[in-house]
Amino acid sequence: MKSVLFPAIAGVFTMMSGAALADTAVSAVTDLNVRAGPGPQYPVIGVLAAGQSATLNGCIENSKWCTIAEAGGQGWVYSDYVTADFGGSRVVLTQRRSAVAVVSPPDDIGNYSTEYTGAIVAGEPIDTVVRPPAEVRTYVDTHRLDPVYLEGEVVTGATLPDTVELREIPDYKYRYIYVNGQPTLVDPQTRRIMYVVR
């Protein structure tokens, strides 16, 4: 998988608080989608690989969506899966929101609004990556489903709510669902996301 390869996104993000941390180095704790806007309904424009660094520009007030810059481009990530150095310790960004600069949401945020049917519960990344066989990926690609939109981001280790209906894959132990536009393999017993098809 290639790491972040997202194009520059038009628009300037206005900083609203000069005292808070901005232009801070952050890194992803798991492979994390980089989106064109602050929400799961925006298209994925790249991936910030686990351990890969980027520069934090700031986060939207009362939101878990933050904007980052990397390799000449900008995008949005979900702060539950991003860490930064606060006083010599690596801390998940969501836990230190008060220390982060506030940015304005993009002007087109109303054009992308959607109703969420629940929320993804953040979890620890999975140690062993599950790589499905080619025929499973083909099955999931050819048997597309309407996506379910949940608050949060699709990452391995996170848990889906019980209200999300999982679909069976013939002769395979995991189920699948399209969450926030992405095909996802899920353990039906624990409802944990085991693999995100990218």
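The values are calculated or read from the model by the stated rules, or taken from the named source; none is laboratory data. Predicted, not measured: the structure shown is a model, and the values here were computed from it. Don't worry about glycine lacking a Cβ; one is built from the backbone with ideal geometry, like all the others, and counts go over all protein chains shown.
Assorted remarks:
- So ARG144, is it within 22 Å of PRO40 (Cα to Cα) and charged (D, E, K, R): yes
- Being farther than 19 Å from PRO43 by Cα and among the charged types (D, E, K, R) is a condition met by at least one residue of the stretch 116-124.
- Filter result for LEU160 (modelled with pLDDT under 95 and either within 27 Å of TRP76 (Cα to Cα) or of a type in the set (A, V, I, L, M, F, W, C) (or both)): no
- Residue count for the stretch 160-174, restricted to those that are assigned to a strand (DSSP E or B) and either among the acidic types (Asp, Glu) or buried (at least 18 other Cβ atoms within 10 Å of the Cβ) (or both): 1.
Here's the yes/no breakdown for (1) buried (at least 17 other Cβ atoms within 10 Å of the Cβ); (2) outside any loop (DSSP other than H, G, I, E, B); (3) at pLDDT below 85:
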residue: PRO105; (1), (2), (3): yes, no, yes
residue: GLY110; (1), (2), (3): no, yes, yes
residue: GLU124; (1), (2), (3): no, no, yes
residue: ASP127; (1), (2), (3): no, no, yes
residue: VAL130; (1), (2), (3): no, no, yes
residue: GLU135; (1), (2), (3): no, yes, no
residue: VAL140; (1), (2), (3): yes, yes, no
residue: GLU153; (1), (2), (3): yes, no, no
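- VAL179 under 13 Å from the mean Cα position of the chain (by Cα), aliphatic (A, V, I, L, M) and under 18 Å from GLU115 (Cα atoms): yes
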